[in-house]
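> Can you keep this structure in mind? I'll have questions shortly.
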Amino acid sequence: MLTDYHLHLQPDGAAARAEHAAEWDAAGGYLSPAWIGRYTARARARGVQEIAITEHVHRFAEAREWHPNPWWRDEATEDLDAYCAALEAARAEGLPVLIGIEMDWLPDRQAEIRRVVSDRPFDLVLGSVHWLAERAVDHPDYLAWDTLDPEEIWARYLDELVAAARSGLFDVMAHIDLPKVFGHRPPESALARWPEVIAQIAAAGVAVECSTAGLRKPVGELYPHPDLLGLCARAGIAVTLSSDAHRPADVAAGYPTAVAALGGAGYRHLTRFARRVATQAPIADWA
Ligand SMILES: [Zn+2]
Ligand SMILES: [Zn+2]
């Protein structure tokens, strides 16, 4: 089977959401079964049987105080319980959708992360390193790249990635070589560290995702790079497959490229989740 385990129901940022609001308003709102059904329909059309909605934790009022960044605080307007209830309702209508969340790794907020996840019906929790303290590796307005040199950014990023993987908070580490998003490919010092980083992720028992989002970004390649995906496979790390789409049209985008890379890396199975319990399913033959 094929899955898409990293999806957002709206674009990031108030301006982009205002621009596209008419699309989900016409469906009855962005949490309506009709709007979520647009995602499952596009998945089905691309041969994908199961999806997970994984909204950013920074969208929810419950996380508003976690980060001092003004953009983060402006984004934190939604109700996490209403979100979970909407996904449960969509599933009750027969849509093949899992309840997920994309959780930022914030080392000072581990207790809060644990609390917000427990007692809620999540099937999977993605762990993402977007922030190095106050600076982001991928946010155009708060960029680490404006103030830090690439060697330092990659070094700090890899430290945080390992700490996040070892925290026990996450089921899947998302886009593990994200700092390349704008084309800042890893320097030699970072490339040399990958075997040790991968060994730590493997020892932590957390999965990684193969994401096609990078194909739609300036870097123009998968997360992780196919060579890195091969290292993950040889280390025995379980894998999920995802698009990180922020609109229905991008669900499962670029999957022929990703499925080929998974096969080339040696992966024969994808990881499925239900209530945070992982199982393995054979990757479908790609016609
Ligand atoms: Zn992300
Ligand atoms: Zn995402």
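The values are calculated or read from the model by the stated rules, or taken from the named source; none is laboratory data. Note that this is a predicted model, so its numbers are computed, not measured. Here the Cβ positions follow ideal geometry from the backbone for every residue, glycine too, while neighbour counts run over all protein chains shown. When the accessible area is computed, the model is the full protein with side chains, heavy atoms only, and any ligands, DNA or RNA have been set aside. Shrake-Rupley method; radii C 1.70, N 1.55, O 1.52, S 1.80 Å.
> Please work out the average accessible area per residue across the chain, using the 1.4 Å probe convention, and give it in Å².
Heavy-atom accessible area per residue stands at 40 Å².
> Ok, one more. Taking the Cα centre of the chain as the origin, how large is its charge dipole in debye, to the nearest 20, when only Lys and Arg (+1) and Asp and Glu (-1) carry charge on their Cβ atoms?
Using only the charged Cβ atoms, the result is roughly 920 debye.
> Kindly report, to the nearest 10 Å², the accessible surface of residue 44 as traced by a 1.4 Å probe over protein heavy atoms only.
For residue 44, solvent-accessible area is about 150 Å².
> Further question on the same structure: If we sort 218-227, 5-14, 133-142 on the protection proxy, mean other Cβ atoms within 10 Å, highest first, what's the order?
Highest mean packing first, the order is 5-14, 218-227, 133-142.
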